[in-house]
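Below is one structure, written out as structure tokens; comments come after it.
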Amino acid sequence: MSTEGNTSNVDIIKCETCGADLVFDPGKGVLACPYCSNAVKIAVEASQERDYFAYENFGGTESFGINFKCPNCNADVVFEKETAGQCPFCGATCVLEKSAMPGIKPDSVLPFSVDKGGASESGKKWIKKRWFAPSAAKKAFSIDNMNGVYAPCFSFTADTFSDYQGRLGEHYTVMVGSGKNRHPETRTRWFTVSGVYSMLLRDIVIESSSHLDQKQMDKIGPFDIPNSVGFKKDFLAGFSAERHNETIKQCFGIAKQKMTSQIRAGILSKYRYDVVDYLNINTTYNTVRFRHILLPLWVCAFRFKQKVFNFFVNGRTGKAAGKYPISPVRVAFAVIGGLAVVAGAVFLILKMMAS
Ligand SMILES: [Zn+2]
Ligand SMILES: [Zn+2]
């Protein structure tokens, strides 16, 4: 029986036909029964933004599922149901924590669209393209363990007003000397700048996971944030989510650095200059809005010569990145190859100078 016309609510987690637990199906974007053909559509809602300043020093507990703490790697993991699942990061069995965990609940989620099979294919393609990975590792590659986890992040949108003052320089060339010594010389014409600058910065995304850093996030990114939808527990069925690790205030601090460099670039784009002596910017953040977003991530592990290597796959694009074994022989070849190129270049230059 197919109930495709039905829409789910938080309470429909079981299959109406056979009583099994429904799981989120990334390929179809529905809650599907693993045993019969039953599928339930998820009523998608738009995601809402909140006022940052009202939450800047938030110390409460907003719950959105059942909280678990991994005894092995310390991750705070949220599951949709009350059975202890596997820790998505280290594979250990999570122990149920009865107490609520501090933090903000998600406003938005970017649902998985790459399923387990797709993620595993991406992993195979990724390791094949790693030039430094030993051939034996590529041949023996098989994924040991993979878990779909929603990684927490904060997205900020800010209306900013800045005043600035600075000193920029433009290069020009003059001819100096006389006779045989006459030659061009580069000089700098300095000028001061000052003014005001308004800029609206949208969707600056900062990760707040304890198991993923911004660099790894940037490597498997980008994520199509504008396609995120309002958070519903349904998207967690069969998956898990990590509780945010850094506070919203810490994340906004990092977002501000990113915003400052965009504001700086915006101000400088108004001028013709070659060098910046200094540029002081004083920014006021008038309105700041945020969304706590969950991003889909496949956390995968494979084994090579008794060692475990972890890598991540973007649950929207299939882009993979992470750790892999390095072949010393291949590195040596690359170094020798690099030296040969340098030696060749030196040889050519010497030859040119000699002629
Ligand atoms: Zn069923
Ligand atoms: Zn763990």
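Residues Lys69, Lys41, Lys28: which one is open to solvent by 50 Å² or more (accessible area, probe 1.4 Å) and free of Cβ contacts under 8 Å to residues at least 12 places away in the same chain?
Answer to the selection: Lys28.
Listed residues Asp277, Asp234, Asp213; which is at pLDDT below 95 and over 30 Å from Ile127 (Cβ atoms)?
None of the others qualify; the one that does is Asp234.
Name every residue in the stretch 325-355 that is modelled with pLDDT under 80 and in a loop (DSSP other than H, G, I, E, B), in order of residue number.
Result: Ser355, single match.
Given the residues Glu185, Glu121, which is the only one that is among the acidic types (Asp, Glu), within 21 Å of the chain's Cα centre (by Cα) and surrounded by fewer than 16 Cβ atoms within 10 Å (Cβ to Cβ)?
From the options Glu185, Glu121, the qualifying one is Glu121.
Taking the residues in the stretch 124-138 that are of a type outside the set (A, V, I, L, M) and assigned to a helix (DSSP H, G or I) as candidates, determine which candidate is nearest to the chain's Cα centre (by Cα).
Trp126
May I ask you to say which residue of Trp131, Trp126 is surrounded by fewer than 20 Cβ atoms within 10 Å (Cβ to Cβ), of a type outside the set (Lys, Arg), touching a Lys or Arg at 6+ places or on another chain (Cβ under 9 Å) and over 23 Å from Ile267 (Cα atoms)?
Trp131
Looking for whichever is within 16 Å of ligand 2 (Cβ to nearest atom), among the aromatic types (Phe, Trp, Tyr) and buried (at least 20 other Cβ atoms within 10 Å of the Cβ) here; the options are Phe112, Phe79. Which one fits?
Phe79
Check off (1) at pLDDT below 80; (2) not in a helix (DSSP H, G or I) for Phe312 and give me the number that stays unchecked.
(1)
Test Ala84 against the stated conditions and say whether it is of a type outside the set (S, T, N, Q), modelled with pLDDT under 90, open to solvent by 30 Å² or more (accessible area, probe 1.4 Å) and away from ligand 1 (no atom under 16 Å from the Cβ).
Considered against the rule, which asks whether it is of a type outside the set (S, T, N, Q), modelled with pLDDT under 90, open to solvent by 30 Å² or more (accessible area, probe 1.4 Å) and away from ligand 1 (no atom under 16 Å from the Cβ), Ala84 comes out as yes.
For the stretch 87-100, which residues satisfy the criterion of being open to solvent by 10 Å² or more (accessible area, probe 1.4 Å) and either touching an Asp or Glu at 6+ places or on another chain (Cβ under 9 Å) or of a type in the set (Phe, Trp, Tyr) (or both)?
Phe89, Gly91, Leu96, Glu97, Ala100
Being over 30 Å from Pro102 (Cβ atoms), touching a strand residue (DSSP E or B) at 6+ places or on another chain (Cβ under 8 Å) and either in a strand (DSSP E or B) or more than 16 Å from ligand 1 (Cβ to nearest atom) (or both) is the filter here, so list the residues in the stretch 29-58 that pass it.
Answer for the stretch 29-58, where residues must be over 30 Å from Pro102 (Cβ atoms), touching a strand residue (DSSP E or B) at 6+ places or on another chain (Cβ under 8 Å) and either in a strand (DSSP E or B) or more than 16 Å from ligand 1 (Cβ to nearest atom) (or both): Val30, Ala32, Ala39, Val40, Lys41.
The values are calculated or read from the model by the stated rules, or taken from the named source; none is laboratory data. These numbers come from a predicted model, not from an experiment. Neighbour counts are summed over all protein chains in view; Cβ atoms, including those assigned to glycine, are modelled from backbone coordinates with ideal geometry. Just so you know, the surface numbers come from the protein's heavy atoms only, side chains and all, with ligands and any DNA or RNA stripped out. Shrake-Rupley method; radii C 1.70, N 1.55, O 1.52, S 1.80 Å.
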